[in-house]
1. Only one of B:Ser64, B:Ser53 is touching a helix residue (DSSP H, G or I) at 6+ places or on another chain (Cβ under 7 Å), modelled with pLDDT of 95 or more and hydroxyl-bearing (Ser, Thr, Tyr). Can you tell me which?
2. Looking at the range A:127-159, which of the residues that are closer than 18 Å to A:Glu103 by Cβ and not acidic (Asp, Glu) is surrounded by the fewest Cβ atoms within 10 Å (Cβ to Cβ)?
3. Being of a type in the set (A, V, I, L, M, F, W, C) and within 15 Å of the chain's Cα centre (by Cα) narrows it down to one residue among B:Ala148, B:Ala175, B:Ala137, B:Ala126; which is it?
4. Quick one: A:Asp7 ticks every box in (1) within 13 Å of chain B (Cβ to nearest Cβ); (2) modelled with pLDDT under 95 except a single one, so which number is it?
5. Inspect all residues belonging to the range A:51-59 and state whether any of them is buried (at least 16 other Cβ atoms within 10 Å of the Cβ), hydrophobic (A, V, I, L, M, F, W, C) and out of contact with any Asp or Glu (no Cβ under 7 Å at 6 or more places or on another chain).
6. Using beta carbons and a limit of 8 Å, which pairs, at least six apart or on different chains, have the first residue in the range A:164-182 and under 20 Å from B:Ile190 (Cβ atoms) and the second one of a type in the set (Lys, Arg) and modelled with pLDDT of 95 or more?
7. Looking only at the range B:23-59, which residues are under 16 Å from B:Arg10 (Cα atoms), at the interface with another protein chain (Cβ under 7 Å from one of its Cβ atoms) and either without any contact (Cβ under 8 Å) to a residue 12 or more places away in the chain or among the small types (Gly, Ala, Ser) (or both)?
8. I need a count of the residues in the range A:60-81 that are outside any loop (DSSP other than H, G, I, E, B), touching a Ser or Thr at 6+ places or on another chain (Cβ under 6 Å) and more than 11 Å from chain B (Cβ to nearest Cβ).
Protein chains: 2
Amino acid sequence: MRSSDSDRPRHIATVLFDGFELLDVFGPLEIFGIIPDRFTMSLIGPAAGSVRSAQGPQAIADCSYHDAPPADVVLVPGGIGNRRLLGDKTFLAWLAEWASTAELIASVCTGSVMLACAGLLKGHRATSNKRLFSWAAGHGDDVEWVPAARWVEDRNRWTSSGYAAGMDMALAIIARLHGEPLALQIAHDIELEWQSDSTSDPFAE
Amino acid sequence: MRSSDSDRPRHIATVLFDGFELLDVFGPLEIFGIIPDRFTMSLIGPAAGSVRSAQGPQAIADCSYHDAPPADVVLVPGGIGNRRLLGDKTFLAWLAEWASTAELIASVCTGSVMLACAGLLKGHRATSNKRLFSWAAGHGDDVEWVPAARWVEDRNRWTSSGYAAGMDMALAIIARLHGEPLALQIAHDIELEWQSDSTSDPFAE
């Protein structure tokens with residue numbers, strides 16, 4: 001990873017799909033977006049334009065998967081809509097190729113299942129939503145699924161547990177890239193009690 | 001408030017504006033949206049169509065302020081973009097009239113300052129963002145600003161502290177309307193450690 005804080009901002013691209021989970025996307029983007037000198041961002045969708053969330057509200061994709069430029073950080077959310085993408089070979093091949101050049105690949109909730117199906121977690125430790133963990137852990141080849149973890153960092157692959165865990169992971173990514181004081185400051189500013197221990201998982205069975 | 005769980009879903013309308021804060025909107029909407037049998041939702045903006053958040057990502061307003069139908073629950077987020085609306089008499093008059101018929105009016109972060117300027121907190125206790133509390137508490141007539149509270153419930157006016165506090169308040173609203181077991185279940189499902197004590201505020205000065 002780049003170590004100098006004087007570098008240009010990293011570009012974080014979030015993969016949207018019909019039925020994405022609101023908090024998986026906008027929890028982390030609240031956190032990355034609050035330091036625009038460190039992170040710029042775009043939303044990538046099936047096509048440029050509106051993409052409906054699992055809850056109903058729509059966000060606007062800046063460009064299509066096909067037109068997505070390379071990203072420094074790739075963020076893959078969960079959401080009920082990802083189920084039909086798990087068998088979509090065209091989508092998975094695109095995701096595998098496009099994400100492969102990123103400095104860091106992160107997922108929230110069942111986003112890790114999409115990464116696993118795309119082969120992006122091969123030889124890596126990872127976690128996922130805890131209520132759906134047994135289902136999640138049935139996916140991917142050569143993935144070491146971790147049943148109790150708020151998030152898992154394995155080299156440049158970061159996978160968080162469900163929903164709200166994405167915010168704790170986002171702060172940990174900032175701590176890794178820019179130091180813990182900045183992450184603590186952001187947590188304070190957004191009035192979030194950061195759960196900064198990745199191994200503490202009150203929602204594991 | 002309606003007490004029967006057999007009623008139709010309540011409609012929650014969220015007021016967007018250019019520069020709204022992502023987490024103030026999509027944290028609570030994640031929570032309300034996960035029980036679509038209890039809540040339906042719409043986004044209201046200056047015009048129907050895209051509205052840019054403070055962080056950059058855009059959401060789609062279903063209709064304009066002018067065309068907004070009556071809502072059961074009104075949600076007003078904060079965000080740097082609300083500063084110029086605080087002196088916009090046309091907007092404030094619309095907000096005061098439109099929101100006045102709602103069963104419940106809620107705000108997150110500096111959304112309470114907009115409510116105060118619209119006269120909707122007159123004679124009420126309220127809170128706001130804690131880093132900006134001194135500034136926030138300078139607004140509105142006859143508002144009892146509470147400096148230490150995760151959120152404040154005063155009759156049908158609910159105001160939360162900054163950003164992440166909106167999710168704790170949303171769960172408390174669900175507990176009030178539909179009982180604490182449902183709120184606890186949702187918190188568990190979205191892997192959020194619900195801070196359910198409104199008087200516990202680690203971010204108050």
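The values are calculated or read from the model by the stated rules, or taken from the named source; none is laboratory data. The shown structure was predicted, so the numbers you read here are calculated from the model rather than taken from an experiment. Virtual Cβ from ideal backbone geometry, glycine too; neighbours counted across all protein chains shown.
1. Values: B:Ser64 fails: touching a helix residue (DSSP H, G or I) at 6+ places or on another chain (Cβ under 7 Å).
Testing whether each residue is touching a helix residue (DSSP H, G or I) at 6+ places or on another chain (Cβ under 7 Å), modelled with pLDDT of 95 or more and hydroxyl-bearing (Ser, Thr, Tyr) leaves just B:Ser53.
2. Only one residue tops the list, namely A:Arg155.
3. On the way: B:Ala148 fails: within 15 Å of the chain's Cα centre (by Cα); B:Ala175 fails: within 15 Å of the chain's Cα centre (by Cα); B:Ala137 fails: within 15 Å of the chain's Cα centre (by Cα).
The conditions single out B:Ala126.
4. (1)
5. yes
6. Hits for this filter: A:Ala165/A:Arg150; A:Asp168/A:Arg150; A:Met169/A:Arg150.
7. The one that is under 16 Å from B:Arg10 (Cα atoms), at the interface with another protein chain (Cβ under 7 Å from one of its Cβ atoms) and either without any contact (Cβ under 8 Å) to a residue 12 or more places away in the chain or among the small types (Gly, Ala, Ser) (or both): B:Gly33.
8. The qualifying residues number 2.
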